[in-house]
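The numbers here are math on the coordinates, done by the rules we state, and not lab data. Source: prediction; values computed, not measured. Positions of Cβ are backbone-derived with ideal geometry, glycine not excepted, and every protein chain shown enters the neighbour counts.
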Amino acid sequence: MHEFRFFEIWREPEYVERLLTGVFTSFWLTVLSSMLGFMVALGLAVSRRSQNKALSFPAATYVEVVRNTPLIVQLFFVAFGLPMLLNYRWPFELSALLALSLNFSAYYSEIIRAGLDNLDIGQKESATALGLSKVQGFVLVVLPQSLSQVYPSLVSQFIFLFLTTGIISEIGIEELTWSGRFIADRTFRDFEVYLVLTACYVLLAMLFRFFFVFFGNRLFPWKKFEEQTS
């Protein structure tokens with residue numbers, strides 16, 4: 001029968017430090033890539049809804065390519081393929097950030113586009129009636145209303161992105177999954193280590209969700225988000 005020895009994970013200060021470093025790395029990569037991806041996603045969503053084929057076709061092609069290829073292939077392409085093509089090697093941390101941002105932007109753009117497509121036409125007409133220009137109406141009325149409708153889906157996609165950061169351990173980034181593998185290889189306590197990793201991911205995902213409920217209720221005061229934002 002297996003004898004549980006969780007203390008072997010905590011007895012070495014190096015192991016605890018590795019776990020904390022992994023949590024921090026996963027956190028900042030998720031936050032930064034989501035911010036970059038969201039900005040790109042806004043442009044993609046608007047471009048896909050454009051009547052101008054020069055805008056809509058490239059945006060649609062980009063989204064379909066990203067959504068129909070594995071994230072790990074995208075990661076390897078950015079980390080190894082592009083540097084070989086350009087004859088310039090950048091840090092793996094930058095590769096991870098770019099790959100996650102590009103992947104994130106494609107999925108977020110479809111969520112945002114759905115929100116824009118489903119917005120009541122009356123909201124757009126009210127912006128025009130107030131004398132707002134198209135740009136002002138979009139920024140001040142259309143976009144906030146659209147985002148409030150799809151906010152739970154955006155949060156769920158953010159959580160999913162956080163959970164997929166474990167893939168970047170394949171290029172040697174010392175995030176949470178890499179840290180767990182490092183400890184397991186040295187303690188041979190795989191069950192205990194990966195159970196601790198599971199608890200870490202669940203706890204962090206719950207903290208993210210609670211934060212976004214709090215944030216969403218203040219960002220969109222006309223909506224009421226509960227703890228279940230998925």
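With the cut-off at 27 Å, report for the range 53-211 the share of all Cα pairs above it, as a whole percent. It works out to 44 percent of all Cα pairs. Computed from label points 7 Å out along Cα-Cβ, the spacing between residue 31 and residue 211 is 0.6 nm. The share of C-alpha pairs in the range 1-92 whose separation exceeds 16 Å stands at 74 percent.
Counting only whole DSSP H helices of the chain, the ones at least 24 Å long by C-alpha along their axis and with mean Kyte-Doolittle hydropathy no lower than 1.0 are 13-48, 190-219.
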